[in-house]
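Visitor: Sharing a structure, written as structure tokens. Questions coming.
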Amino acid sequence: MNNSVELKIEGKTYTLPIIIGSQDEKAIDIRTLRNETGYITIDSGYGNTGSCQSSITYIDGEKGILRYRGIPVEVLAEKSTFVETSYLLIYGHLPTKSELSDFSNKLRYHSLIHEDMLHFYDGYPSTAHPMAILSSMVCSLSAYYTDSLDPKDLEQVEHLIPRVLSKLRTIAAYSFKKSIGQPVIYPKNSLSYCENFLHMMFAVPSEPYEINPEAVAALNMLLILHADHEQNCSTSTVRLVGSSDANLFASIAAGVCALWGPKHGGANQSVVEMLVEIEKNGRDVNAALKAAKDKNSTFRLMGFGHRVYKNYDPRAKVIKAACDNLLNKLKKKDPLLDIARKLEEAALSDSYFVERKLFPNVDFYSGIMYRALGIPKNMYTVMFSLGRLPGWIAHWREMHFDNDDRIGRPRQIYTGETLQEYRPIGDRN
Ligand code: CMC
């Protein structure tokens, strides 16, 4: 195997090194390209661009493989907890008993947000999307917790990590309470991470609330499955914002905004909206497929397709199987599950989807599980944020401490006007 490639430009030959990852992934290292040749590369959407070397998550999109720190996501979904998986992603190994207990205690300790921040919620209209609230509240944390904002100080960063993980959960649950006009429910630190979230979401001061262990298990599994996905749009955003040495809260807030879009995490809400629409229209899944294939329409089959997976998304496989299970255990029925299954079946036997290798992704069935848990649809992407948070943190931390952390600053090919004269306003037509 060669460890370099040759590039011929204008009769001159340049040698570029090859980098090979631990799973035999290959890259041409072009870091010296512009200096040596005057050329840059163009890769809109970054489909061929490696922005970093990372040891956190491995994906083989052709085979449908996803591993966190080498451990298959299906195994973690079955055996781990979200807190343990978060530790694994951030610190690179499964925690020992004492590491896990220490980490869990820190998450407990930091569960409250500054009381003054509760007033912020009063300023939002009741129609505000919880993602708008979440992103601004997370950024606002940097105004309150000013003692640990230096991204280059490892001690400060370590102090900040459990704070972000714990407080984002509280902010998310409070946003829901505010949106339905109920008083916020303070965290109860005797509860586990997922129990505490369900408690803050669904308890009311006037009645006892019993936490359903099936709901806790389902939530744990969903959060684990969303916990990291290497250099996706929101994680790349967190890295890019973090590369300017912006603090962790600010970088995460930017990630939340990137996730909100319907091509990314916002798809889970759009999927359920689409399924509801199909139900209203007499459950005609073929009409939805037809619209998705129509190049004159902007409609896409939400929850289908992926930049990296050209095979069934392993996360969708687990969630699809878990949907039935959860509905049975909660003794609930959901007509949307039936529609989703029919839609999937029709799409997977349609040449348009087969030729383009479009399969259900993580968002296709997750909304149905959130519905079963009683979570309203405008909170689905908030749930995705909660799940993706350890991944964002792990990448931000890796970028600052393990890796090469130059500021992210892509180039461009300029296609605008060449030198133009400034014409006074009276001379313009
Ligand atoms: N419905 C209909 N056609 C599609 C779809 C879809 N969901 N996804 C891709 N295509 C077509 C697309 O029109 C293109 O066709 P053609 O070759 O004829 O121009 C071809 O498939 C390749 O698509 P692309 O847009 O070049 O693929 P991409 O890698 O740029 O986009 C995607 C990936 C996820 C944005 C896209 O598949 C999509 O918009 N899916 C629906 C939204 C969605 O479910 N997003 C969640 C993604 S997974 C979780 C996450 O990352 O947050």
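The values are calculated or read from the model by the stated rules, or taken from the named source; none is laboratory data. All of these numbers come straight from a predicted model, not from anything done at the bench. Cβ sites come from the backbone with ideal geometry, for glycine too, and all protein chains shown count toward neighbours. We work out accessible area using only protein heavy atoms, side chains counted, and drop any ligands, DNA or RNA first. Shrake-Rupley method; radii C 1.70, N 1.55, O 1.52, S 1.80 Å.
Visitor: What angle do you read, to the nearest 10 degrees and between 0 and 90, between the alpha-carbon axis of helix 314-329 and the longest principal axis of the chain?
Guide: 10
Visitor: Which distance in nm do the two modelled labels at Ala346 and Arg428 give, with both placed 7 Å along the Cα-to-Cβ direction?
Guide: 5.1
Visitor: At most 11 other C-beta atoms within 10 Å and a DSSP loop state: those are the exposed GluC sites (Glu not before Pro) I care about. Give me the longest piece of the chain that has none.
Guide: 211-416
Visitor: Calculate the translational D of the range 292-332 in whole µm² s⁻¹ from Stokes-Einstein, where the hydrodynamic radius comes from the Kirkwood formula applied to all Cα pairs, the temperature is 25 °C and the viscosity 0.890 mPa s.
Guide: Taking Rh from Cα pairs, D becomes 194 µm²/s.
Visitor: Below 14 angstrom from the Cβ of Lys331, what's the summed charge of the other residues (Lys, Arg +1; Asp, Glu -1)? All intermediate terms of the calculation are to be shown ahead of the outcome.
Guide: Numbers: positive: Lys329, Lys332, Lys333; negative: Glu214, Asp324, Asp334.
Charge balance near Lys331 sits at 0.
Visitor: Further question on the same structure: Using 7 Å Cα-to-Cβ label points, what is the Asp284/Ile20 separation (nm, one decimal)?
Guide: It is 5.6 nm.
Visitor: I've got another one for you. For the chain, what does the helix formula give at 222 nm: sum of -39500 (n - 2.57) over DSSP H segments with n ≥ 4, over the residue count, nearest 500 deg cm²/dmol?
Guide: Mean residue ellipticity, 222 nm, calculated: -16000 deg cm²/dmol.
Visitor: I want the local charge near Ile20. Using Cβ-Cβ distances under 14 Å, sum +1 for each Lys or Arg and -1 for each Asp or Glu among the other residues. Intermediate values should be presented prior to the final figure.
Guide: Values: positive: Lys26; negative: Asp24, Glu25, Asp29.
With Lys, Arg at +1 and Asp, Glu at -1, the net is -2.
Visitor: To continue, here is another question. Before I look further, what does the chain give for accessible area per residue, probe 1.4 Å, in whole square angstrom?
Guide: Per-residue value: 51 Å².
Visitor: For the pairs Lys332/Lys377; Lys178/Lys329; Lys26/Lys263; Lys63/Lys310, flag any whose C-alpha to C-alpha distance is greater than 19 Å. Don't jump to the answer; show the numbers that get you there.
Guide: Working: Lys332/Lys377 17 Å; Lys178/Lys329 29 Å; Lys26/Lys263 27 Å; Lys63/Lys310 8 Å.
Exceeds cut-off: Lys178/Lys329; Lys26/Lys263.
Visitor: OK, next. What does the accessible area of Val308 come to, in Å² to the nearest 10, when a probe of 1.4 Å is used?
Guide: Approximately 50 Å² for this residue.
Visitor: Another question, if that's okay. By the gyration tensor of its Cα atoms, with a ≥ b ≥ c the square roots of the eigenvalues, what is the shape of the range 339-410: rounded for a/c under 1.5, prolate for a/b over b/c, or oblate?
Guide: It is oblate, given that a/c is not under 1.5 and a/b is not larger than b/c.
Visitor: For Arg409 and Tyr144 in one chain, what is 0.36 nm times their gap in residues minus the Cα-Cα distance, to one decimal in nm?
Guide: Here the segment from Arg409 to Tyr144 would lengthen by 92.4 nm.
Visitor: Can you give the alpha-carbon Rg of the range 199-244 over 2.2 N^0.38 Å, where N counts its residues?
Guide: Normalised Rg, Cα atoms only: 1.80.
Visitor: Next question, about the same structure. Given C-alpha coordinates of the range 139-254, what is the ratio Rg to Rh with the Kirkwood estimate of Rh?
Guide: 1.01
Visitor: Counting only protein heavy atoms and a 1.4 Å probe, tell me what percentage of the range 170-224's accessible area is made up of carbon and sulfur.
Guide: Carbon with sulfur: 53 percent of the solvent-accessible area.
Visitor: Rounded to a whole number, what % of the accessible area of the range 230-359 do carbon and sulfur atoms account for, probe 1.4 Å?
Guide: 52
Visitor: Based on the Cβ-Cβ distance from Glu417 to Asn48, what FRET efficiency comes out when R0 is 25 Å, to the nearest 0.05?
Guide: Here the calculated transfer efficiency is 0.25.
Visitor: Next up: Taking K and R as +1 and D and E as -1, what net charge do the other residues with C-beta under 14 Å from the C-beta of His395 add up to? Intermediate results must be reported in sequence, preceding the final value.
Guide: On the way: positive: Arg69, Arg239, Arg388, Arg397; negative: Asp228, Glu230, Glu398, Asp402, Asp404, Asp405.
Here the count lands on -2.
Visitor: Treating the angle as unsigned and between 0 and 90°, give the value, to the nearest 10°, between the Cα long axis of helix 380-401 and the longest Cα principal axis of the chain.
Guide: Compared with the principal axis, the helix lies near 50 degrees.
Visitor: Still on this structure: Shape verdict for the range 153-211, please, from the Cα gyration tensor: rounded (a/c under 1.5), prolate (a/b greater than b/c) or oblate.
Guide: Note, shape of the range 153-211 comes out prolate.
Visitor: Another question about this same structure. Solvent-accessible area of Asp427, probe 1.4 Å, all protein chains present, reported in Å² to the nearest ten, please.
Guide: Asp427 exposes around 100 Å² with every protein chain in place.
Visitor: Please report, largest first and rounded to whole Å, the three semi-axes of the ellipsoid equivalent to the chain, where each semi-axis is the square root of five times an eigenvalue of the C-alpha gyration tensor.
Guide: 36, 29, 25
Visitor: At R0 = 51 Å, how high is the FRET efficiency between Ser98 and Asn296 if r is their beta carbon distance? Nearest 0.05 is fine.
Guide: 0.25
Visitor: Here is a further query. Using a 1.4 Å probe over the heavy atoms of the protein chains, calculate the carbon and sulfur portion of the accessible area of the range 29-113 as a whole percent.
Guide: Numbers: 2450 of 4880 Å².
Taking all protein chains in place, the range 29-113 shows 50 percent carbon and sulfur surface.
Visitor: Using only the Cα atoms, what convex hull volume per residue in Å³ does the range 1-152 have?
Guide: Given the Cα convex hull of the range 1-152, per-residue volume reads 240 Å³.
Visitor: So, one more: Cα-based Rg (one decimal) and Dmax (whole number) for the range 273-429, in Å?
Guide: Rg, Dmax (Cα atoms, Å): 22.5, 75.
Visitor: Using only Cα atoms, find the angle between the long axis of helix 82-91 and the longest principal axis of the chain, and express it within 0 to 90 degrees, rounded to the nearest 10.
Guide: It works out to around 30 degrees.
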